[in-house]
1. Rounded to the nearest angstrom and ordered from largest down, what semi-axes does the equivalent ellipsoid of the range 9-123 get from its C-alpha gyration tensor (root of 5λ)?
2. Accessible area of HIS272, 1.4 Å probe, to the nearest 10 Å²?
3. What pairs in LYS18/LYS83; LYS83/LYS284; LYS201/LYS281; LYS63/LYS281; LYS54/LYS114; LYS233/LYS284 have C-alpha atoms more than 20 Å from each other?
4. Calculate the length of the line joining the C-alpha centroid of the range 5-33 to that of the range 150-220, in whole Å.
5. Along each principal axis of its Cα atoms, how long is the chain end to end? Whole angstroms, biggest number first, please.
6. For the range 1-62, what is the convex hull (Cα atoms) projected area averaged across all directions, in square nanometres?
7. Could you check the spin-label model distance between LYS201 and LEU47? Points 7 Å from the Cα along Cα→Cβ, value in nm.
8. Which is the longest stretch in the chain that no exposed loop site breaks, taking sites as trypsin sites (Lys or Arg not before Pro) with a DSSP loop state and at most 13 other Cβ atoms within 10 Å?
Amino acid sequence: MQYYNQDTYIYLEGEFIKATEAGIDLFGQSLHYGYGAFEGLRAYSTLHGTRIFKAEEHFDRLKRSCESINLPYTWDNHTLVEKSYHLLEVNNLLGAYIRPLVFSGSNMHLAAAKESKIMIAAWEWGPYLGQNLLRVFTSKIRRPSPKSFCIDAKISGQYINSILASSEAVKNGFDEAILLDENGFVAQASSENLFIEKDFKLYTPPLGNVFPGITRQTVIEICKELNIEVIEKNLTIDDLKNADSAFLSGTAAEIIGIKEIDEISYPEQWEHTIGATIQRKYKKLVLEEENYEVII
Ligand code: PMP
């Protein structure tokens, strides 16, 4: 996958520059210690033009992520949203994945950063886990404890945990990993939240041990509109394996169904599940084919 070429622009510290000319600081805390924060947004080509879905919410979360690790955040989020739209224009992108990254400058100390920079990149990217139903497995690797790390934040270094879990899944012939939390309850996938369906209700692990996904929240809003009950509670591996169906949610992966967990197939046909209904609704929502105002 090529993320940029000679003609690609990125937004770096107030300017649009060629991605090839950005340079890299080899003495930065972000590179050495993973001391940075990032976001993942999606822009869709809608009937009303290009729209970045829930752009402000993503940049607000970026700000909160930086604050939680004392990384200075000195930008105005309205401006960053405008710059993101501008970035899509200069790169001739209608639909795209957008990646803002806040990183620290040269400093080899394990000390809070005094300065930070922001860059925003964008590229065309299909659904992160593809379009086919997934075969997932429960990973031996657990999510970090909220007692040791701010797991509500999207911090660069934390993604080693995700890389270990998802690469272990692929090595074992699966598409994605499901991680348990520190107490052994089902938490989420490596970079998506998890929902299961049982007896016409949806269940998802509560906030606290899982990442507060914006797509997770959107699923809950869609369910409210459709009068589908969503219960946020701790789920066991047995709950996961005895569910009627299950799906993952995330900006990059969107809504994607799971067909097998640890080689056990879900009984319900995906097309007939609540997940499939939500997948259709979500597509309409991001493409602005339905009025979002009625949902929130
Ligand atoms: N979990 C993790 C660990 C994530 O990094 C993400 C975002 N990629 C998600 C869940 C889903 O969050 P969102 O719906 O906001 O994209």
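The values are calculated or read from the model by the stated rules, or taken from the named source; none is laboratory data. All values derive from a computational prediction rather than experimental measurement. Counting neighbours? That spans all protein chains shown, and the Cβs are built from the backbone with ideal geometry, glycine included. Note: accessible area is taken over every heavy atom of the protein model, side chains too, but ligands, DNA and RNA are not part of it. Shrake-Rupley method; radii C 1.70, N 1.55, O 1.52, S 1.80 Å.
1. Values: eigenvalues 137, 50, 21 Å².
Each semi-axis is √(5λ); the values are 26, 16, 10 Å.
2. Accessible area, nearest 10 Å²: 120 Å².
3. In this structure, LYS83/LYS284; LYS63/LYS281; LYS54/LYS114; LYS233/LYS284 exceed 20 Å between Cα atoms.
4. Cα centres, the range 5-33 to the range 150-220: 30 Å.
5. Principal extents (largest minus smallest coordinate, Cα): 53, 45, 33 Å.
6. On the way: hull surface 25.0 nm².
Its average projected convex-hull area is 6.2 nm².
7. 3.7 nm
8. Values: sites that count: LYS114, LYS140, LYS147, LYS233.
Here the longest segment lacking exposed loop sites spans 1-113.
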